[in-house]
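Here's the structure we're looking at; comments come further down.
FYI, it's all coordinate maths here, none of it is from the lab. As the structure is a computational prediction, the values presented were derived from the model and not from experiment. So basically every Cβ, Gly included, is an ideal-geometry build from the backbone, and we count neighbours across all protein chains shown.
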Amino acid sequence: MSATNDIPALRLELGEGILSENEFRGENTLNVSLAALPKALTFCKEKLNYELLLDISSLDHFGDDPRFEIVYELASLDDKRHLRFKAKVSEDESVPTAIHLWKAADWHEREVWDMMGIPFSGHPNLKRILMWEGYPFFPLRKDFPLAGRPTDMPDVAFTGVAPLEGGPFVTAPGGETIAKREPRARHQE
């Protein structure tokens with residue numbers, strides 16, 4: 001059984017909430033409206049037995065409206081069914097949390113919030129997970145400069161010799177063969 005067999009039930013349940021369907025290399029993707037997303041996820045968890053939330057990710061379609069897209073990857077425990085949901089999200093919208101369905105949504109939603117700035121309504125602890133609290137930017141947005149932004153944080157990087165450089169477990173650059181670059185070969189000459 002594959003997720004393809006679940007599509008008719010989802011069509012009946014969501015109706016016009018499904019905006020488009022795509023099947024590519026055995027993987028099914030349903031593009032749904034943001035309003036239909038909570039119903040779709042609940043139906044998949046409670047009726048279709050998608051026990052695993054594998055990932056929540058996001059895309060920035062900078063210049064388009066709506067700007068963002070949220071992507072949910074669901075799977076069954078036997079790994080025979082995999083289903084993807086996508087929903088467009090504008091900059092002034094929030095996505096309903098999925099924590100009540102899968103506890104794993106907690107960290108995924110916090111990461112999307114932290115890196116892209118898409119808020120999740122109903123999330124019990126929506127705070128940064130990678131950047132520090134108070135950081136005013138969202139690094140995965142396309143308008144974030146590649147060189148980064150200036151900060152008042154102290155520079156924690158160093159420019160000295162790396163601790164393992166030239167050490168007993170580090171291969172040497174160059175050499176005629178792989179064997180000559182091995183650490184133990186340096187002591188045999």
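Extending 7 Å from Cα along the Cβ direction at residue 2 and again at residue 54 yields two label points whose distance is 1.3 nm.
Hey, what's the Cα Rg ratio for region 1-141 versus the globular rule of thumb, 2.2 N^0.38 Å?
Values: Rg = 15.0 Å, N = 141, 2.2 N^0.38 = 14.4 Å.
For region 1-141, the normalised Cα radius of gyration is 1.04.
A simple packing score, the average count of other Cβ atoms within 10 Å per residue, orders the peptides 123-134, 45-56 as 45-56, 123-134, with the highest score first. Taken one residue at a time, the phi angles of region 45-52 give Karplus couplings (6.51, -1.76, 1.60, θ = phi - 60°) of 6, 8, 9, 9, 6, 8, 7, 10 Hz. Gly and Pro are set to x.
Stretching residue 127 away from residue 23 to a fully extended chain increases their span by 33.9 nm, per 0.36 nm per residue minus the current alpha-carbon distance. Working note: Karplus 6.51/-1.76/1.60 with θ = phi - 60° gives region 71-80 the couplings 10, 10, 10, 10, 8, 8, 4, 7, 6, 9 Hz, where Gly and Pro are set to x. Site pair residue 33 and residue 77 shows an inter-label distance of 3.5 nm when each label is modelled 7 Å from Cα along Cα→Cβ. Extension gain for residue 141-residue 11 works out to 43.5 nm (0.36 nm per residue, less the C-alpha to C-alpha distance).
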